[in-house]
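Following: one structure in structure tokens, then a few remarks.
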Amino acid sequence: MKAVIISKTGGPEVLELKEIKLDDPKSGEVLIKNEAIGLNYIDTYHRSGLYPVELPSNIGIEGAGIIEKVGPDVKDFNIGDKVAYASMPIGSYSTHRIFPTTKLVKVPDEIELENVVTLMTKGITTFYLLHKTYPVKSGETILFHAAAGGVGQILCQWAKSLGCTVIGTVGSDEKIEIAKANGCDHVINYSKENFAEKVKEITNGKGVPVVYDGVGKKTFDGSIECLEVRGTMVSFGNASGPLDPCNITKSLAPKGLYLTRPSIAHYTTTREELDEAANKVFEMFKAKKFNLKIFKKYSLTEVVKAHQDLETRKITGPAVIIP
């Protein structure tokens with residue numbers, strides 16, 4: 001059995017693939033043989049120290065595989081079940097792992113495990129953003145940053161299926177067509193254009209009711225400018241770097257804005273919430289409400305390269321790690 005371990009925080013070079021030994025699963029736990037692993041920005045935050053973890057530490061929050069052993073008193077899961085997860089405890093960058101059943105979901109037979117790890121974190125994120133954090137309505141115009149990325153591929157198409165007009169931003173001209181293919185009605189290259197001014201043009205000066213911003217530092221102030229009166233700023237990531245402190249009087253008060261910083265953990269606090277989210281994602285995928293294309297597959301031995309590509313924005317769309 002092997003797992004990626006970090007003994008210190010830093011750049012991709014701190015990721016080390018090591019031999020590990022696992023005990024048998026305890027009560028409420030199962031042993032999973034990982035078949036596919038999700039590659040997500042939050043993994044880079046754990047690695048860099050932006051989101052502190054106790055060292056030495058495993059890494060990775062998303063995976064899918066087959067149950068090989070079940071612990072005492074486990075009744076809802078059996079050996080041989082296809083399962084997936086996208087939550088703490090971290091440690092998905094591994095060939096095998098022990099995981100609590102409270103955070104585990106069963107995968108429908110017709111969905112391949114390689115697809116599941118592009119669906120769990122990114123799909124559940126899309127679900128809570130569009131249906132819980134700010135429930136969008138048909139006919140609304142919304143702004144989503146990084147529309148050519150992994151979440152963007154799913155969210156923009158999902159939002160279109162709900163009747164939204166989607167404005168997407170990208171960081172280069174090469175990504176414009178990708179964002180359009182992902183369902184965006186309008187695409188803005190924010191490295192060349194003032195996206196706030198363009199959004200005002202598109203909305204005839206009104207602004208949008210919601211901005212979904214996973215980019216962070218580079219886009220926060222412009223996102224605030226894009227919002228209409230009583231609009232909602234959803235800051236759910238910081239791919240461009242940690243956010244500066246928010247000046248409430250300056251940023252929120254002039255238009256009475258709402259600001260929220262959600263995560264999957266906030267919307268999967270119970271078994272019922274987790275099942276609702278996962279089942280909705282699986283339902284939308286099976287109904288072909290969004291197309292899914294894996295951008296690249298990495299092996300566990302290529303994990304350093306995977307993180308380098310992710311942080312330099314070379315990955316356009318979901319990428320996976322295969323143990």
I want to confirm something. Restricting to segment 153-168 and keeping residues that are touching a residue at least 40 places away in the same chain (Cβ under 8 Å) and over 19 Å from K218 (Cα atoms), which single residue is farthest from the chain's Cα centre (by Cα)?
S161
Residue check, L129 under 25 Å from G38 (Cα atoms) and in contact with a strand residue (DSSP E or B) (Cβ under 7 Å, 6 or more places away or on another chain)
yes
Of all residues being of a type in the set (A, V, I, L, M) and touching a strand residue (DSSP E or B) at 6+ places or on another chain (Cβ under 7 Å) in segment 258-289, which is surrounded by the most Cβ atoms within 10 Å (Cβ to Cβ)? Just the residue, please.
A278
Contact list please: Cβ distance under 9 Å, first residue in segment 252-266 and in a helix (DSSP H, G or I), second residue among the charged types (D, E, K, R) and modelled with pLDDT of 95 or more, pairs at least six apart or on different chains.
K255/E228; K255/R230; H266/K132
Odd one out for L257, checked against (1) farther than 23 Å from S87 by Cα; (2) within 16 Å of the chain's Cα centre (by Cα); (3) hydrophobic (A, V, I, L, M, F, W, C)
(2)
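Answer yes or no as to whether G222 is within 17 Å of T141 (Cβ to Cβ) and crowded, with 17+ Cβ neighbours inside 10 Å.
yes
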Filtering segment 120-153 down to residues that are assigned to a loop (DSSP other than H, G, I, E, B) and of a type outside the set (K, R) yields Y134, P135, V136, S138, G139, E140, H145, A146, A147, A148, G149
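Would you confirm, using the coordinates I've provided, whether L300 is surrounded by 16 or more Cβ atoms within 10 Å (Cβ to Cβ), within 17 Å of the chain's Cα centre (by Cα) and closer than 23 Å to Y93 by Cβ?
Numbers: surrounded by 16 or more Cβ atoms within 10 Å (Cβ to Cβ): yes; within 17 Å of the chain's Cα centre (by Cα): no; closer than 23 Å to Y93 by Cβ: yes.
It is false that L300 is surrounded by 16 or more Cβ atoms within 10 Å (Cβ to Cβ), within 17 Å of the chain's Cα centre (by Cα) and closer than 23 Å to Y93 by Cβ.
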Residue hits (segment 205-219; touching a residue at least 60 places away in the same chain (Cβ under 8 Å) and either hydrophobic (A, V, I, L, M, F, W, C) or surrounded by fewer than 22 Cβ atoms within 10 Å (Cβ to Cβ) (or both)) are V208, P209, V210, V211, V215
Return yes when E68 is over 27 Å from G317 (Cα atoms), surrounded by fewer than 18 Cβ atoms within 10 Å (Cβ to Cβ) and in contact (Cβ under 8 Å) with a residue 24 or more places away in the chain and no when it is not.
yes
Taking segment 226-247 only, how many residues are farther than 27 Å from Y41 by Cα and touching a strand residue (DSSP E or B) at 6+ places or on another chain (Cβ under 9 Å)?
2
Contact list, first residue from segment 93-111 and outside any loop (DSSP other than H, G, I, E, B), second anywhere and hydroxyl-bearing (S, T, Y) and modelled with pLDDT under 95, beta-carbon distance below 6 Å, six or more apart or interchain, is K103/S87
Single condition E311 does not satisfy, out of (1) in contact with a strand residue (DSSP E or B) (Cβ under 9 Å, 6 or more places away or on another chain); (2) among the acidic types (D, E); (3) assigned by TED's automatic domain parsing to the domain that holds G10:
(1)
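Okay, residues lined up against (1) closer than 24 Å to G152 by Cα; (2) in a helix (DSSP H, G or I); (3) in contact (Cβ under 8 Å) with a residue 60 or more places away in the chain:
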| residue | (1), (2), (3) |
| --- | --- |
| R230 | no, no, no |
| G241 | yes, no, no |
| K288 | yes, no, no |
| I294 | yes, no, yes |
| Y298 | yes, no, yes |
| Q308 | yes, yes, yes |
What are the residue pairs meeting all of these: first residue in segment 169-192, first residue more than 15 Å from L155 (Cα to Cα), second residue assigned to a helix (DSSP H, G or I), Cβ atoms under 8 Å, and 6 or more apart or on different chains?
I188/F195; I188/K198; I188/V199; N189/D173; N189/K175; N189/I176; Y190/G222; K192/D173
E35, sole failed condition from (1) under 24 Å from the mean Cα position of the chain (by Cα); (2) exposed (fewer than 15 other Cβ atoms within 10 Å of the Cβ)
(2)
Under 6 Å by Cβ, and 6 or more places apart or on different chains, what pairs join a residue from segment 123-152 that is at pLDDT below 95 with one that is surrounded by fewer than 24 Cβ atoms within 10 Å (Cβ to Cβ) and among the hydroxyl-bearing types (S, T, Y)?
A148/T316
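The values are calculated or read from the model by the stated rules, or taken from the named source; none is laboratory data. Please read these numbers as outputs of a predicted model, since none were measured by experiment. FYI the Cβ positions are ideal-geometry reconstructions off the backbone, even for glycines, and counts take in every protein chain you see.
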